[in-house]
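Encoded as structure tokens, the structure appears first; notes follow it.
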DNA sequence: CCGCTTTCTTCGCACTGTGAAGAAAGCGGG
DNA sequence: CCCGCTTTCTTCACAGTGCGAAGAAAGCGG
């Protein structure tokens, strides 16, 4: 059971994973620095690094400037060691991308979907798409779908856009493709991407909010995506703002989504005789007071909802994404004001509010990252 | 650096901790069963168990009934191996208890505190109290205080009842006592106790709500207390129920605490010409409609707040504690109805709602458990 | 060229994991 | 009572990987 060098194999042992993770996330560094950061003795590192170099997972990347003695050899993670595929299933199409181990998109493909597709039909399309993208060593596939997903069991519990209920995803897919498959709620995938490669990098605890058709939220706690008991965490869109408010499509009254979503903006736009949201946004930017207050109201409502999240979870940051962030200039000031106003001071003081960095690519990068992270996951017991 | 047998020492190595944890939490079992559950080979277990027996951490506890072959020897954790001390600092007194490693209270002491005590004064009292309780091997001391606590740094950030701000607690205390000290928010300590020894045992994700003078919440995610960025997680009492509601002592409007706390009940009691809450509760139980609706209203408000928690965190259970649970019969039905009503069905379906099991002792048991759990914590790297 | 620093490697040893083989303990049938 | 069967636990030799100590390699500066 020795290491069959050069072969694709799961990383064995804690410390091996620890070293690779340090190189993945804290950039190139010397063996000595690795030794300090990991707490391992330099002797052990020499042996481990020799193996990792032989396997191609890491590379020597020139020498560091001298500190008065022998110059340190920089070791770097090799993002081209392998790649993963990330997929987003939408109502009418599949978006897919092959992504390297550092989160960079290498190739991409879009394929259309028929109306109300069956699970097997979608899996087949995904299969073709992945084969299309397959190049070099592909470690696995991650799929993002809107709705309720139990990612640990690989099941789509409920997808409104595809009208699926309790559909097994990862089982059939990994059998079809011959490589591991993962499935995750799309906003969670986006959140993971921002966590690893985007605005969430500096934070151990943050919440990623998406504003668009609905309101989504991905929650990162202790550095990891938090799913809740069965994948239903982060239903920010349906917290109650006003028990006497208007009816929401979910059946309750006064949900946040009623006051802060594209639906709200569209309703208001029509009421104010604008053809669509874009029109109203333009007017707002040209000084139309009514249009301005519409966006401001939405910002305020969103802020009130987010304040609850801040009070409950005490995150370090809020990361805002989603399509409506195009008009961030029109509602962000009110949002921020509301979040910080009267929030428990201790909590809100250090709260950072920033925009997502990866845009719509984040969905694909995050989906691919499901496979990547699982590959590099530290094994919990020494094997 | 070999194991100096019989000596008090930190548990080294993952698997050693894993085995002890299995015996601590899953009751007595044979070496063979341990081998199955841990994934370790039986040969390794023999060696490890020999060491643990020699150290007195575990014991042989008779034999199991036969399965058709040699009868299995049951191994059990030894809760008398050592003890820890749990302390709750209140406005006028200190409550303390020595607790064994299974969460059973062995001895207890109460000592009064002067008005507005200085940190050093309190530490001195704690020191005397712990010396009083010191018997056998005491692994450490845990302290629970209401208010904002940064438990990872051992600092009381803000305690309204003691008028402390940014007071270092664990540093001075552990120097004074010569054993490790921990500090934690009191409701978090209670939550930990319920997690380990009470109603929260079966759950990996749950929220413990306390209803009384204020509303407190302790959050357990992935089986562990969640603190947030700096200990401020779980501020359920100050989520906004109604932006236009009455002013709260925190400065915001329409906080949950305004609608569901002893303060609310007292106000209503006076308005209805009852002398106090107990009186009103009695009347409610005797059929007084006005008194009944007062409690029912509180239950409904609490339920609305809790629904937000359920939507955001998707826990498996809510555990309800605090002094006001004396009157649980008067508000629990409305509470439960409201939590489940219109909550996203998937989320609420499997939600369990139950009462805390440990009562006021939970604060002490949980505080002591801070020391206990830290002693048994799995080391993250093999040492 | 020599000494000094820093970086990395080699070496032997200890701990703890593994599988294979065997000893120990209990059941039940002839 | 003995023998075979099962299950449980132990012993043994070996491998992987951690450690510290010592030393080699590489660069700086006089």
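The values are calculated or read from the model by the stated rules, or taken from the named source; none is laboratory data. Note that the structure is predicted; figures quoted are calculated from it, not measured. In this analysis, Cβ positions are derived from the backbone assuming ideal geometry, glycine residues included, and neighbour counts consider all displayed protein chains.
From the set of residues in the range B:238-258 that are touching a residue at least 40 places away in the same chain (Cβ under 8 Å) and more than 7 Å from chain A (Cβ to nearest Cβ), which is surrounded by the most Cβ atoms within 10 Å (Cβ to Cβ)?
Within the range B:238-258, the match that is surrounded by the most Cβ atoms within 10 Å (Cβ to Cβ) is B:256.
To keep it simple, each residue is scored yes or no on (1) surrounded by 18 or more Cβ atoms within 10 Å (Cβ to Cβ); (2) within 14 Å of chain A (Cβ to nearest Cβ).
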residue: B:280; (1), (2): yes, no
residue: B:286; (1), (2): no, no
residue: B:297; (1), (2): no, yes
residue: B:300; (1), (2): yes, yes
residue: B:313; (1), (2): yes, yes
residue: B:318; (1), (2): yes, yes
residue: B:322; (1), (2): yes, no
residue: B:325; (1), (2): yes, no
residue: B:328; (1), (2): no, no
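Among the residues of the range A:214-237, which ones are under 20 Å from residue B:220 (Cβ atoms), more than 8 Å from chain B (Cβ to nearest Cβ) and in a loop (DSSP other than H, G, I, E, B)?
A:223
What number goes with the only condition from (1) within 18 Å of residue A:124 (Cα to Cα); (2) out of contact with any strand residue (DSSP E or B) (no Cβ under 9 Å at 6 or more places or on another chain) that residue A:196 does not pass?
Single failed check for residue A:196: (1).
Output the helices (runs of 4 or more DSSP H) that fall wholly within the range A:325-383 and possess 3 or more residues being more than 16 Å from DNA strand C (Cβ to nearest atom) and modelled with pLDDT of 95 or more, or say none. Reasoning before the result, please.
Values: elements: A:328-340, A:345-349, A:361-376.
Hits in the range A:325-383: A:328-340, A:361-376.
Taking the conditions exactly as written (in the same structural domain as residue A:141 (by TED's automatic domain parsing), at negative phi, at pLDDT below 95 and surrounded by fewer than 19 Cβ atoms within 10 Å (Cβ to Cβ)), does residue A:70 satisfy them or not?
no
Restricting to the range A:173-196, name every residue that is free of Cβ contacts under 8 Å to residues at least 40 places away in the same chain and within 8 Å of the chain's Cα centre (by Cα).
Once the filter is applied, which keeps residues that are free of Cβ contacts under 8 Å to residues at least 40 places away in the same chain and within 8 Å of the chain's Cα centre (by Cα), the range A:173-196 yields only A:195.
Find the residue count for the range B:37-54, including only residues that are away from DNA strand C (no atom under 11 Å from the Cβ), away from chain A (no Cβ under 14 Å) and without any contact (Cβ under 8 Å) to a residue 24 or more places away in the chain.
1
So which residues in the range A:15-27 are surrounded by fewer than 18 Cβ atoms within 10 Å (Cβ to Cβ) and either more than 12 Å from chain B (Cβ to nearest Cβ) or under 21 Å from the mean Cα position of the chain (by Cα) (or both)?
A:21, A:22, A:25, A:26, A:27
Would you be able to tell me the number of residues in the range B:16-36 that are part of a helix (DSSP H, G or I) and closer than 19 Å to residue B:78 by Cβ? Give the steps one after another, and end with the answer.
Filtering the range B:16-36 down to residues part of a helix (DSSP H, G or I) leaves B:16-25, B:31-36.
If we keep only those that are closer than 19 Å to residue B:78 by Cβ too, we end up with B:16-25, B:31, B:33-34.
Of the residues in the range B:16-36, 13 are part of a helix (DSSP H, G or I) and closer than 19 Å to residue B:78 by Cβ.
Tell me, which residue of the range A:164-213 that is surrounded by fewer than 24 Cβ atoms within 10 Å (Cβ to Cβ) and within 14 Å of chain B (Cβ to nearest Cβ) is nearest to residue A:307 (Cα to Cα)?
A:205
Checking the condition away from DNA strand D (no atom under 16 Å from the Cβ), more than 20 Å from residue B:177 (Cα to Cα) and under 30 Å from the mean Cα position of the chain (by Cα), which residue from B:88, B:104 passes?
Of B:88, B:104, the one residue that is away from DNA strand D (no atom under 16 Å from the Cβ), more than 20 Å from residue B:177 (Cα to Cα) and under 30 Å from the mean Cα position of the chain (by Cα) is B:104.
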